[in-house]
Amino acid sequence: MNLDAKIPDGPLADKWDNHKFSIRLVNPANKRKYHIIVVGSGLAGGSAAATLGELGFNIKCFCYQDSPRRAHSIAAQGGINAAKNYQNDGDSIYRLFYDTIKGGDFRSREANVYRLAQLSGNIIDQCVAQGVPFAREYGGLLANRSFGGAQVSRTFYARGQTGQQLLLGAYSALSRQIAAGQVEMYNRHEMLDLVLVDGHAKGIITRNLVNGAIEAWSADAVILATGGYSTVFYLSTNAAACNVTAVWRAHKRGAGIANPCYTQIHPTCIPQEGDHQAKLTLMSESLRNDGRVWVPANQADRSKNPGDIPKEDRDYFLERKYPSFGNLAPRDISSRSAKEACDEGRGVGSTGRGVYLDLAEAIERLGRSTIEERYGNLFEMYERITGENAYERPMRIYPAPHYTMGGIWVDYNLMSTIPGCFVLGEANFSDHGANRLGASALMQGLCDGYFVIPYTIADYLAEVEPGAPDPQGSAFREAEDVVRDYTQRLIGMGGKRSARSIHIELGKIMWEYCGMSRTDEGLNKALEIIPQLRREFWENLCIPGRDSELNAELERAGRVADFLEFAELMCRDALDRNESCGAHFREEHQTQDGEAVRDDDNFTNVSVWEYKGDEQSPVKHIESLIFEEVKPSVRSYK
Amino acid sequence: MNLLLKIWRQSGLQTPGRLVDYQIEEVPEESSFLEMLDLLNEQLISSGEEPVAFDHDCREGICGTCSLTIDGIPHGPERMTTVCQLHMRKFNDGDTITIEPFRSKSFPVIKDLVVDRSALDAIMQAGGFISARTGGASDGNAILIAKETADRAMDAASCIGCGACVAVCPNASAMLFTAAKVSHLNSLPQGKPEKDRRSLAMVKTMDDSGFGNCTNTGECQAVCPKDISLDFIAQLNRDYARASFSNLLNKK
Amino acid sequence: MSTLLQLLGSSLGKKYLMAITGLVLVLFVLGHMLGNVQIFLGPEVINAYAHKLQSLPAGVIWGVRLFLLLCVFIHVWMAVLVTVENRRARPENYSVKDNVQNTYAARTMMVTGLILLAFIIFHILHYTARVIYDYSDMHYDLHGESVHDVYSMMIQGFSHWWVSIFYIISVWLLCMHLSHGVSSMFQSVGLRNEKWRGILDKVAVAYGWVVFLGFASIPIAVLAGLIKPL
Ligand SMILES: Cc1cc2nc3c(=O)[nH]c(=O)nc-3n(C[C@H](O)[C@H](O)[C@H](O)COP(=O)(O)OP(=O)(O)OC[C@H]3O[C@@H](n4cnc5c(N)ncnc54)[C@H](O)[C@@H]3O)c2cc1C
Ligand code: HEM
Ligand code: HEM
Ligand code: SF4
Ligand code: F3S
Ligand code: FES
């Protein structure tokens, strides 16, 4: 497996400019001869499809939703970072770069992160031009807030709907290209395989989710922007149909997956209530700006009315453990602390898996109307879901799977180990290392789509002759048959269990053994039971209905089948990474007071897994991370 | 809680549908409406029957995918709430609940409760954008936008494109959706250059897609999960008139 | 020309036409009502008023009549187009339908409108063309001039109870039509917002009632014998 990251030469700050100059361009007259497939219409895919279409390439864009506007990027609430330094508070490209590297616990590639920071400002400009209604100050300037524990205010936001507004911006640009005929949009199409011709990615196989048709599509290059895989845990903040399918099937065709075990658990979600639950809802992290997190100091108080527990009997554990960052400690750290408190039996709520997020003091200090103005919609949402009034009783929160830093390995050009297969957004592994900072995923998705891929894909295209292969060709036929057989196998099983019930079971295993903290023993256990569950799936699955019509159970089963294989890789990676770093916490590697301990000597690298066939062990390859600019230090938020 | 569900079942566009009764027992009060349907589907699968098809994705009220009409009200009885955020504690033990798809000629039924809303995308493609080429933008702070203006644009932009406004409108009109989309961009200085063109084109596509005409009944705002205001319909009426007249007068 | 056709053919163009013609009719109805209630001031006043109107140059009278007719025609035509399209936009209806805030008046605009149309036709045949009953030999001596006795015509007209009932029902429907229409008209031309909506909705209802009470008071007074024949 060739893991040449193709990092350009020169000083960090000049790398991107040098690179832009040195890469080849596609002659404008030739652009219309090239066809590109974009799978995914979220921030990454939508922005890429629109921009490439605008440049004159012929684009086919696919998504599984009924409209490109519904990609899960829509759900992001908090905001998007950019090193604009509009607040004059000392922000800079370098600081954003450094914060991201440090936040990722020194497990990301310097050059990529620097480019991200460099381009972050352009994203805001672009979005403003598209009409994204970012919050403004009275004077008409863009407003910012500090987010996710950053010490500067660099987050741009649009009420509690930043993701939706940014996505609508990308979607509107995409719509314009669809109208102009540059982009053909295929909604309700799920990619089920990647097609390679002579080792290059040249097309995909999809299933039309409305009528079940299996179809082949060819192009000169394929871009995957299919989002993250947090739903491997079943319960997560992600949308129901988020999946690893596209990534996994590309992996099976030769794309290496990097650091699959890096998954971010978000500290402020509404706790689970029961087994019926299909989704965990995120409460914006901004609540932590004004709220204090606590649990009863004594186990005996845990079912008491929180109002009746006096201050001295409360344990404000984040403030206690991280005096300087307090309630704003980074996500991985806050999540782990909450879990610890609950493990000690001090968790609240009916399940004992919850901690209080208390805004009572802020309400007292600032008045209810101010709090209502800031967080009114969140309080309403909380009440809708839990039936509790958070003005009178502290909210209960608990960590939930939220974001996956791992993904398909890509080089500086965002190309995977398969030539011609590019991967953008959450689906790739690139920029966040072992932990992502708040408000940085939106930035990365748009950066990849608007500003990176339009240049870097040209470098690849310039070396291939234009002219997508015939989608009737043998490679396509063969892949189509594989998909068709697979679908038949799924639907023909005639067992007893629903795909959901198996997904729930898998989720529990993953949460237990490969969740917020991991152990050698637990991971080995998981590696033992996941294959059993997979066998159960392939023996006892039941999918009513036919494959030639809309069949949600069939869709779900396909996704669960991939999760069942992918989960194993995740655990294997977690087991292999014998250190704690960022969101990957191995209990064997912690300080006395429970802080993560990295092993820089052995693990300053990216683990890239190569697929070796069904029921075969994958092979690990390594990309070493070289830090020329920053010195890995102990990430302390005390 | 135990419920009697009357659910619209329809195997495809060409086939007629009908309401089918389902009894469901022991629904937890904390569950959401869609989780209740998940339970029903599990029950159906375990007895080898075909589960009820319904659209959903984010389950947190933002993607606009979920689209059920409950007892004659799109998204159900709770105001400003999508059906995925509607919880069963709003219902009583023993209730009979009728569940139908969003109905409109422009939203053909794909299966059961799943409809095709691509007509809304078509309206957007007609002009729901600002032609800002990637890379061509000036600094974000180069254009000053008063907070009130930005807020108003944001009010309009918060539409999640669910189509409940169409589903509830006695005329199956898409005016609230279209107005929200047009007003979002028309309100902002960046959107001004294409304002007239946009208003004309989006209304034309809306009309051509077979939606009905608004008669100002105001049902749409009442069920809109984002409480999009009828003001935007008025604004569109105004913008469209202005665009038409300036076109009439400026014809070469 | 094509732009004009596009405008008029569009959903919004139809609404503009309805609103503008609606406005004309709304103003006419108010003026007409105010004119008619002068009957309570006695035969002298109302007959003088009617005479004054009738002695306007024929061109003016017919101009106004044609204009009103045109407005009614356009209003109805657009209403029919809009309604037909609206029906078509939802071929399959809900089995269960609930209304959230929609008023009865708003839902029945077409029905109230059509009955009003029937009323207007009847009414013109009744009082303007006077072909339903013959009122041609009614004269009144207005300061020595013999003019048509509108006062007696109205009393005679409303002394048939079914005529009176039909009028009262019709003006009640008019009241309903207006209680949605007057506010809706502002919305249709884009002159309404959240702040004014509440006010305009109330104004519309008040307007409807004023028109109703004004018109209905005449047949009621006649039936109750409050206005006596000469
Ligand atoms: C609740 C929530 C809140 C968040 N808040 C923030 C925040 O405040 N700030 C921040 O920076 N980040 C936030 N994030 C993270 C961020 O939203 C995501 O990481 C980012 O939007 C991912 O964008 P994407 O384009 O890579 O993927 P997505 O938006 O998930 O898009 C994936 C696309 O791929 C398509 N697709 C997937 N699989 C297939 C397939 N097999 N075939 C065809 N199409 C497929 C889908 O249809 C979709 O169009 C949040 C995430 C969540 C869940
Ligand atoms: C005296 C006669 C009438 C008056 C004063 C009148 C007035 C109005 C007004 C002001 C409106 C609101 C227009 C808008 O929303 O833009 C309206 C709407 C309407 N009118 Fe009339 N109208 C009259 C007669 C009729 C007749 C005869 C018909 C029918 C055949 C009719 C059918 C309608 C319909 C269907 C609407 C609905 C439009 C809506 O709801 O906004 N009207 N009318
Ligand atoms: C109690 C109620 C009413 C009374 C007593 C009344 C009386 C009259 C009379 C006397 C005339 C004839 C005027 C003339 O030619 O000398 C007339 C004409 C007319 N009325 Fe009424 N009217 C009433 C209600 C209405 C209503 C509700 C409408 C409309 C919806 C209406 C519309 C007209 C029209 C259009 C004309 C014809 C005007 C013309 O001749 O140019 N009337 N009315
Ligand atoms: S206006 Fe409201 S109801 Fe209509 S599509 Fe938008 S969010 Fe849904
Ligand atoms: S419900 Fe329909 S009639 Fe108009 S005000 Fe809303 S679109
Ligand atoms: S499922 Fe996304 S809004 Fe309901």
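Nothing in this text is a laboratory measurement; each read-out follows from the coordinates by a stated rule. None of the values given here were measured: they were computed from a predicted structure. Cβ coordinates were reconstructed from backbone atoms using ideal geometry, including for glycine residues, and neighbour counts include every protein chain displayed.
Data overview
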{"quantity": "Residue match in the stretch C:203-221 (condition: away from ligand 2 (no atom under 13 Å from the Cβ), more than 28 Å from C:Ala106 (Cβ to Cβ) and not in a helix (DSSP H, G or I))", "calculated": "no"}
{"quantity": "Evaluation of A:Glu184 against (1) within 14 Å of chain B (Cβ to nearest Cβ); (2) within 19 Å of A:Ser120 (Cα to Cα); (3) of a type outside the set (S, T, N, Q) (one fails), failing number", "calculated": "(2)"}
{"quantity": "Filtered residue count, the stretch C:13-24, keeping only those that are in contact with a helix residue (DSSP H, G or I) (Cβ under 6 Å, 6 or more places away or on another chain) and either among the polar types (S, T, N, Q) or buried (at least 20 other Cβ atoms within 10 Å of the Cβ) (or both)", "calculated": "8"}
{"quantity": "Residue list for the stretch B:130-148, filter: in contact (Cβ under 8 Å) with a residue 60 or more places away in the chain and touching a Leu at 6+ places or on another chain (Cβ under 8 Å)", "calculated": "B:Ile130"}
{"quantity": "Residue in the stretch C:117-130 that is over 17 Å from C:Val29 (Cα atoms) and over 20 Å from the mean Cα position of the chain (by Cα) present", "calculated": "no"}
{"quantity": "Selection count, the stretch B:166-177, where residues are more than 6 Å from ligand 5 (Cβ to nearest atom) and more than 10 Å from chain C (Cβ to nearest Cβ)", "calculated": "1"}
{"quantity": "Residue identified as surrounded by fewer than 19 Cβ atoms within 10 Å (Cβ to Cβ), among the small types (Gly, Ala, Ser), more than 16 Å from ligand 4 (Cβ to nearest atom) and more than 7 Å from chain A (Cβ to nearest Cβ) among B:Ala142, B:Ala146", "calculated": "B:Ala142"}
{"quantity": "Members of the stretch A:568-588 that are surrounded by fewer than 19 Cβ atoms within 10 Å (Cβ to Cβ) and in a loop (DSSP other than H, G, I, E, B)", "calculated": "A:Asn578, A:Glu587, A:Glu588"}
{"quantity": "Some residue of the stretch B:102-117 being under 30 Å from B:Gly212 (Cα atoms), of a type in the set (Ser, Thr, Tyr) and either surrounded by fewer than 23 Cβ atoms within 10 Å (Cβ to Cβ) or within 16 Å of ligand 5 (Cβ to nearest atom) (or both)", "calculated": "yes"}
{"quantity": "Residue within the stretch A:247-260 that is in a strand (DSSP E or B) and near ligand 1 (Cβ under 10 Å from one of its atoms) present", "calculated": "no"}
{"quantity": "Boolean, B:Thr81 is within 7 Å of another protein chain (Cβ to nearest Cβ) and free of Cβ contacts under 8 Å to residues at least 60 places away in the same chain", "calculated": "no"}
{"quantity": "Within the stretch A:124-145, tally of residues that are outside any loop (DSSP other than H, G, I, E, B) and either at the interface with another protein chain (Cβ under 7 Å from one of its Cβ atoms) or within 21 Å of A:Gly90 (Cβ to Cβ) (or both)", "calculated": "9"}
{"quantity": "Scan of the stretch B:223-237 for residues that are closer than 23 Å to A:Asn377 by Cα and within 8 Å of ligand 5 (Cβ to nearest atom), ordered by number", "calculated": "B:Leu230"}
{"quantity": "Residues located in the stretch B:47-59, provided they are of a type in the set (Gly, Ala, Ser), within 7 Å of another protein chain (Cβ to nearest Cβ) and over 24 Å from the mean Cα position of the chain (by Cα)", "calculated": "B:Gly48"}
{"quantity": "Any hit, the stretch C:155-168, residues being among the polar types (S, T, N, Q), away from ligand 3 (no atom under 16 Å from the Cβ) and assigned to a helix (DSSP H, G or I)", "calculated": "no"}
{"quantity": "Any hit, the stretch A:165-186, residues being surrounded by fewer than 20 Cβ atoms within 10 Å (Cβ to Cβ), out of contact with any helix residue (DSSP H, G or I) (no Cβ under 6 Å at 6 or more places or on another chain) and in a loop (DSSP other than H, G, I, E, B)", "calculated": "yes"}
{"quantity": "A:Thr231 being among the polar types (S, T, N, Q), more than 22 Å from A:Val606 (Cβ to Cβ) and either outside any strand (DSSP E or B) or more than 16 Å from ligand 4 (Cβ to nearest atom) (or both)", "calculated": "yes"}
{"quantity": "Tally of residues being touching a His at 6+ places or on another chain (Cβ under 6 Å), in a loop (DSSP other than H, G, I, E, B) and either more than 7 Å from chain A (Cβ to nearest Cβ) or under 25 Å from B:Cys159 (Cβ atoms) (or both) across the stretch B:28-38", "calculated": "0"}
{"quantity": "Pairs where the first residue, in the stretch C:102-125, is polar (S, T, N, Q) and the second is near ligand 2 (Cβ under 10 Å from one of its atoms), C-beta under 6 Å, 6+ apart", "calculated": "C:Asn102/B:Thr217; C:Thr112/C:Leu173; C:Thr112/C:His177"}
{"quantity": "All positions within the stretch A:548-607 that are within 14 Å of chain B (Cβ to nearest Cβ) and over 22 Å from the mean Cα position of the chain (by Cα)", "calculated": "A:Ser548, A:Glu549, A:Leu550, A:Asn551, A:Ala552, A:Glu553, A:Leu554"}
{"quantity": "Within the stretch B:194-236, tally of residues that are without any contact (Cβ under 8 Å) to a residue 12 or more places away in the chain and either more than 7 Å from chain C (Cβ to nearest Cβ) or polar (S, T, N, Q) (or both)", "calculated": "1"}
{"quantity": "C:Leu7, sole failed condition from (1) more than 14 Å from chain B (Cβ to nearest Cβ); (2) surrounded by 15 or more Cβ atoms within 10 Å (Cβ to Cβ); (3) free of Cβ contacts under 8 Å to residues at least 40 places away in the same chain; (4) among the hydrophobic types (A, V, I, L, M, F, W, C)", "calculated": "(1)"}
{"quantity": "Test: residue in the stretch C:51-67 that is in contact (Cβ under 8 Å) with a residue 60 or more places away in the chain, away from ligand 5 (no atom under 15 Å from the Cβ) and either touching a strand residue (DSSP E or B) at 6+ places or on another chain (Cβ under 9 Å) or within 11 Å of chain B (Cβ to nearest Cβ) (or both)", "calculated": "yes"}
{"quantity": "Hits in the stretch A:445-483 (condition: in contact (Cβ under 8 Å) with a residue 40 or more places away in the chain and not in a helix (DSSP H, G or I))", "calculated": "A:Ala462, A:Glu463, A:Val464, A:Pro466, A:Gly467, A:Ala468, A:Pro469, A:Asp470, A:Pro471, A:Gln472, A:Gly473"}
